[in-house]
Structure formats: structure tokens, C-alpha cells
Amino acid sequence: MRDAAEGQQKHGQQKHIETMPLFSTMDRNGRMTMLRPGRRVGRAAPLLPWLLTAAALWALTGSVPFGALLGLAPTPAISIFLGHPVTVSVAVVLLLVAINATGGVYSRAVEQFGQTRVAGLFATLAITGGLVTGAGALLLWTLTSDPSRPFDLEAIATSPTIPPELGAIVGAVFALLAAIVLLQLPGSIAHAGRRQADIERLRLEGSSFAGTLTAVNFTNRWLFNFPMFTVEVSYIVDDAPLVVSAHMRTRADRVPVVGSRMLVLTDVRGTTHVELDLSNGAVFEPDVTKYAAPDY
């Protein structure tokens with residue numbers, strides 16, 4: 001079993017590894033987890049530089065609307081500067097760079113943890129954390145520049161101009177979102193790590209059985225344009241036929257048909273993982289539009 005896994009790793013280093021379809025016997029939707037052959041269980045540390053860079057870009061980008069539109073400019077001169085067309089143009093460029101950097105955080109998180117939920121949390125943290133940092137810095141600067149001015153939420157309704165309290169409220173909303181993400185992220189990382197560790201252990205030490213895809217049921221749902229299915233895989237252990245159910249996420253052009261060969265990996269703990277056996281010439285649904293996501 002170990003030799004086969006090492007062979008897969010060498011093969012994966014030589015050519016692109018196709019990750020679809022993705023199966024899970026325990027999770028569904030964004031919590032479905034993959035581990036590319038040759039990769040180790042994901043770690044958060046390699047993502048931190050990219051996360052901090054993206055957050056810094058969002059902080060710089062967000063300072064313009066927070067300062068020019070939401071009343072968090074410490075002085076009228078700074079408000080005029082932040083609202084200047086040149087400054088706004090620079091902010092638009094920074095916004096595009098921030099979006100690209102956040103996409104990089106997302107893709108690298110998927111590479112590390114093999115899970116879209118964890119990747120989405122990292123990307124959301126980059127956005128909300130950056131905006132909160134920018135808004136918080138401006139709010140602190142505003143309050144310290146005029147300590148005699150009271151912080152009064154009623155000013156939102158009574159002030160003839162946009163008061164800093166409005167920007168503070170908007171910043172607080174992003175702070176709440178960032179806090180929610182921070183609370184969810186450790187558990188999601190741990191969950192993805194456990195799933196990847198299970199897959200790694202099964203590939204190296206588990207028992208492998210040849211299986212057959214006996215049922216493919218479309219759930220009429222898509223996740224990021226990827227159709228979702230429930231499937232059944234039959235295999236034989238000690239002359240006894242067994243069936244394992246799983247969730248499947250794939251591309252519309254890579255939906256395996258009933259009868260496709262599968263690999264079923266199990267261990268004494270009762271953990272089960274299924275994969276499409278690509279070495280036996282997988283056959284996919286010929287009508288690539290059949291499960292394509294609708295255009296709304």
C-alpha cells in the first residue's frame with residue numbers, strides 16, 4: 001500500500017493532478033476535504049504572510065471610503081485629500097490588487113487544507129480584518145486629534161455633516177464579522193486537518209478494495225458551479241458485498257457514470273474513503289450540459 005502511495009506521489013509531481021470528482025463519506029458542501037497525492041496535511045503558517053499582505057491592502061483601500069464618506073477623517077484637510085480624484089483612483093487600483101491578493105489567499109488555503117470552507121474563512125478574514133484595521137486606525141486618530149469632542153451615537157441623526165460615529169458603527173459591523181470568522185477558523189482548520197490525516201493514513205496503511213459506482217443521484221444543487229451528488233459504491237470484503245454512501249462534488253464535464261471503477265480505502269477504526277479509480281479508464285457523462293449550473 002505504501003509503495004502504491006509513493007508511486008502516486010511521484011506521478012503527481014510529474015503532471016497535473018485532477019482533483020475532481022471529490023468524494024466524502026462524512027462531509028458535504030464546503031466541508032468536503034481533499035488531499036492531493038504527494039502533499040502533507042495542511043498548515044496555517046505558510047498562509048500568514050499572504051493573509052497579512054491581503055489584509056494590509058484592504059486596510060489601505062478601506063481608508064478612503066471610511067475617511068472620505070463615513071466621517072473618520074481626523075481633519076477636514078485629510079477628508080479632502082482622501083476624497084480627491086487622484087486618491088480615489090489610487091484606491092481603485094489598490095482595490096483590484098487587494099481582490100487579487102485575496103484570491104491568492106483563497107487558492108493557497110485550498111492547496112493547504114483541501115477545503116473550500118477553510119479557504120473562504122481565510123479570505124473573509126483578510127477582507128474584514130483589513131477593513132477593521134483601517135477603520136480602527138482612523139477612528140483612534142480622529143478621537144485623539146480632538147479629545148474634547150464626545151463620542152455620541154445620537155450625532156448620526158442630529159449632525160448636519162457625516163459624523164465619525166457612522167464610520168465607527170460600520171467598522172464595528174466588520175469587527176463583528178471578523179470576530180465570528182476568528183471563532184470559526186480554528187475549529188475548521190482542525191476539522192480539515194483531521195480529514196486530511198485520515199486520507200493520508202488510509203492511503204499509506206489502510207486496506208484497499210476495488211469498488212463499483214452503483215448509484216449517482218443529482219441533488220439539484222451547486223457549490224460554486226460545481227454540481228453536488230449523492231453516490232453509492234459497492235465492494236466486496238471476504239466474499240461479503242458491502243455498500244458505502246458518499247457525497248460527491250465535481251465539474252459538469254467530470255460526472256462519472258454508473259459502473260465506474262472506484263477505490264475504497266478502510267481501516268480498523270471504521271474510517272472509509274472512496275476515490276475514482278482513474279487507472280481503469282474512467283467514463284464520464286457525455287452530455288456536459290446536463291449538470292451545468294443554470295445562468296440566472
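Highest mean first, the peptides 276-284, 61-69, 256-264 sorted by other C-beta atoms within 10 Å per residue fall in the order 61-69, 256-264, 276-284. Can you find, among L177, A68, L202, the residue farthest towards the positive end of the dipole of the chain? Put +1 on the C-beta of Lys and Arg, -1 on that of Asp and Glu. Towards the positive end, the residue furthest out is L202. A simple charge model with +1 on the Cβ of Lys and Arg, -1 on the Cβ of Asp and Glu and nothing else charged puts the dipole of the chain at about 440 debye relative to its Cα centre. In this simple spin-label model, placing a label point 7 Å from the Cα along the Cα-to-Cβ direction at both T214 and T230 gives a separation of 1.6 nm.
Dipole magnitude for the range 45-198: computed about the Cα centre from +1 point charges on Lys and Arg Cβ and -1 point charges on Asp and Glu Cβ, it is near 460 debye.
Annotation note: chymotrypsin sites (Phe, Trp or Tyr not before Pro) in the range 137-178 located in DSSP loop regions with a Cβ neighbour count of at most 15 within 10 Å are F151.
In percent, how large is the relative contact order of the chain, given Cα pairs closer than 8 Å and 6 or more residues apart?
Rounded, it is 22 percent for the chain.
The charge dipole of the range 123-207, taken about its Cα centre with unit charges on the Cβ of Lys, Arg, Asp and Glu (plus for the first two, minus for the last two), comes to roughly 400 debye. Ordering F226, M248, V274 by Cα displacement along the dipole of the range 226-296 toward the positive end leaves F226 in first place; charges were set at the Cβ atoms of Lys, Arg (+1) and Asp, Glu (-1). Relative to the longest principal axis of the Cα atoms of the chain, the long axis of helix 2-14 lies at roughly 50 degrees. Arranged from fewest to most other beta-carbon atoms within 10 Å of their beta carbon, M32, M228, M26 become M26, M228, M32. Computed from the Cβ-Cβ distance with R0 of 22 Å, the FRET efficiency linking R28 to T271 stands at 0.85. Looking at the range 18-48, the trypsin sites (Lys or Arg not before Pro) that sit in a DSSP loop and have at most 12 other Cβ atoms within 10 Å of their own Cβ are R40, R43.
Extending 7 Å from Cα along the Cβ direction at A45 and again at L223 yields two label points whose distance is 2.9 nm. 3J(HN,Hα) couplings calculated from phi for the range 49-54 with the Karplus curve 6.51 cos²θ - 1.76 cosθ + 1.60 (θ = phi - 60°) are, in sequence order, x, 5, 5, 5, 5, 5 Hz; Gly and Pro show x.
If you take the alpha carbon atoms of the range 45-198 and fit the smallest convex hull around them, that volume is 108 Å³ per residue. Across the range 149-208, Cα-Cα pairs more than 17 Å apart make up 64 percent of the total.
Peptides 192-199, 78-85 ordered by packing proxy, namely the average of other Cβ atoms within 10 Å per residue, highest first: 192-199, 78-85. Between the Cα long axis of helix 85-113 and the first principal axis of the chain there is an angle of about 30°, rounded to the nearest 10. Excluding the site residues themselves, the longest part of the chain lacking any GluC sites (Glu not before Pro) in a DSSP loop with at most 14 other Cβ atoms within 10 Å is 155-296. In the elastic network of the chain, a GNM with C-alpha springs shorter than 10 Å, the most mobile of V93, V132, V110 is V93.
Using Cα pairs closer than 8 Å and at least 6 residues apart in sequence, work out the relative contact order for the range 45-198, in percent. Once divided by the residue count of the range 45-198, the mean separation gives 32 percent.
Every number in this text was worked out from the coordinates using simple rules, so none of it is lab data. Owing to the predicted nature of the structure, the values given are computational and were not obtained by experimental measurement. Cβ coordinates were reconstructed from backbone atoms using ideal geometry, including for glycine residues, and neighbour counts include every protein chain displayed.
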